[in-house]
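Only one structure is covered here, and it is reproduced in the block below.
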Amino acid sequence: MSRRIRPMLVLVTAAALLPLGAGTASASASPAEPRLCPPPASALAGAVGEAGKADRRTAPLPPNVVAFIKKYCAWGEKTSVVKNYMDLFTSDGTLMDTGLPQPIGRTVIKEQIEGVLKVMPDYVFEPVSVTSSPDGGVIFVKARNTGTVKQLQGPAVSVDYYTMHRLVLRGDEVEQGRRFWDQTELFRPLDQTLPNLFAGLGSGGAAGRAAGGAAVGKRSTGLPGTAEWKERRKQAWNSGDVSALVPDVRNLRLNGPGLKGPITGAAGAEEYLGRFFGAMRGQLKLEPGNTVRKGRTVHQEWVGHATVGPDDENGNPTTPREVTYGIVERFTHDGRGGTEWELSFETLDLVATQSRIAKLRERIFPPKKIS
C-alpha cells in the first residue's frame, strides 16, 4: 500500500469510522429517531422508511435487506466481535470513506475497525433508518455512533454523531460501501476551537443568505431522482447555484452538518448553502451516484471531487488542493406539502488545514513506526 493511502487510513480510523459506508454526520441536527435495532418483526415485515417507520403504501423490504439489517444491528450492539463485522462484506467487498483517494479492501478494512476499537473500546453503532431499492441491490442506512474516545494526553471524551451509508449489496453482504459524514462531529469535542462553518444557524428561523454561493437560478422543481432532475441538480451543485438547489415547497425543513436544529424556509437554506460554497476554493466536480426512492423518501448520492484550502489559524491563505468528495441528499415528503431535506457531507477540510488535522489525529493515535 502506498504511503499516501496509509496516513488517510489513520484519519478514517481516528474518525471512528463505521467502516461500512461513508460519510458525513449531522448528529446535533437529527431528531430522536425510533429504534430500528433490534429490528422489530412488525417493522421489518413492511418497508422501513424515514425514522424507521413502516410506510403502508410501499412494498416490504426485500428479504436480503432484512437479513443484512439483522446482522448489521447485531454487530453494532457488540462491535468488539470483529469477525461479525467482516462477515458483513463479500470476499471482494470494498469501502470508500471521507478523505480516501480510492476504496479499500478487506485487509485494510479489518485493520481499520481494529484501530477504531483501540481508540473507542465502548463503541456502539446503531442503524436508525434504512431505505432500499426495490430489488434490494442498493440501500441507504442512517446510523448513530456513540462511544468514548481515549486521548493519548488528556481526559477521555464522549462522542455522539450520525453517519449516512450507501451500501451496494450482493445478497445480504456488502459489495461496495461508502460513508458520508462530517469528521468535525468527532474532533470538535476534542477541540472546541475547531470552527463550525454553520455557527448560528439551525434555530428553526430563516435568515438572509450569506455570501458564497450564487442565488441565480429558479427554485428546484420536479420529481427527485428522475434523469432530468438529476441533470439540473448536478449543474446546480457544480456551479454553486443555491436557489436552484433549494426545493420549491411550501414548508421546508433542512438538516445538515453543523446545525443544532433544523433550518426552516428557503432563505435560511440559501444562507446555509452560501456558507458551504463560500468555503470552497473552486467549483465542485460531482456526478450523480445511486438513487433510491421508497414511498415518500428519496436518497440521492453525489460523488466526485472538491477543491479546498482554508486559511490557517493566523488568517493566512493556504495552497488549494483537490480531494475526493461526496454528498448524500435525503428528501422526505410529508404528504401535506412539506419536505424534510437532509444533507450529509464533510466540512473538516473546509475549516481546518492539513497541519491542524494532523495535530487532531495525534491527540488520539500514536505516531506510526516506519520500518
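Data overview
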item: Asn316-Lys234 FRET efficiency (beta carbon distance; Förster radius 45 Å; 0.05 resolution); result: 0.85
item: Cross-link reach list, aspartates and glutamates versus Lys71, counting only Cα pairs under 16 Å and skipping chain neighbours closer than eight places; result: Asp87, Glu126, Asp172, Glu173, Glu175
item: By average C-beta atoms within 10 angstrom, highest first, the peptides 247-256, 292-301, 180-189; result: 180-189, 292-301, 247-256
item: Length released on extending from Asp92 to Leu152, taking residue separation times 0.36 nm less the Cα-Cα span; result: 18.1 nm
item: Peptides 156-162, 263-269, 225-231 ordered by average Cβ neighbours within 10 Å, highest first; result: 263-269, 156-162, 225-231
item: Förster radius 22 Å - calculated FRET efficiency between Thr226 and Asp334, Cβ distance, rounded to 0.05; result: 0.60
item: Nonlocal amide H pairs with Gln151, under 5 Å, H built at 1.01 Å; result: Ala156, Val157
item: Of Lys150/Lys285; Lys83/Lys260; Lys142/Lys234; Lys260/Lys285; Lys110/Lys285, those spanning more than 25 Å from alpha-carbon to alpha-carbon; result: Lys150/Lys285; Lys83/Lys260; Lys260/Lys285; Lys110/Lys285
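Rule-based calculations on the coordinates, nothing more; no lab input. Bear in mind the structure is a predicted one, so any value in this text is a computation, not a measurement. Glycine gets a Cβ as well: all are built from the backbone with ideal geometry, and neighbour counts include every protein chain shown.
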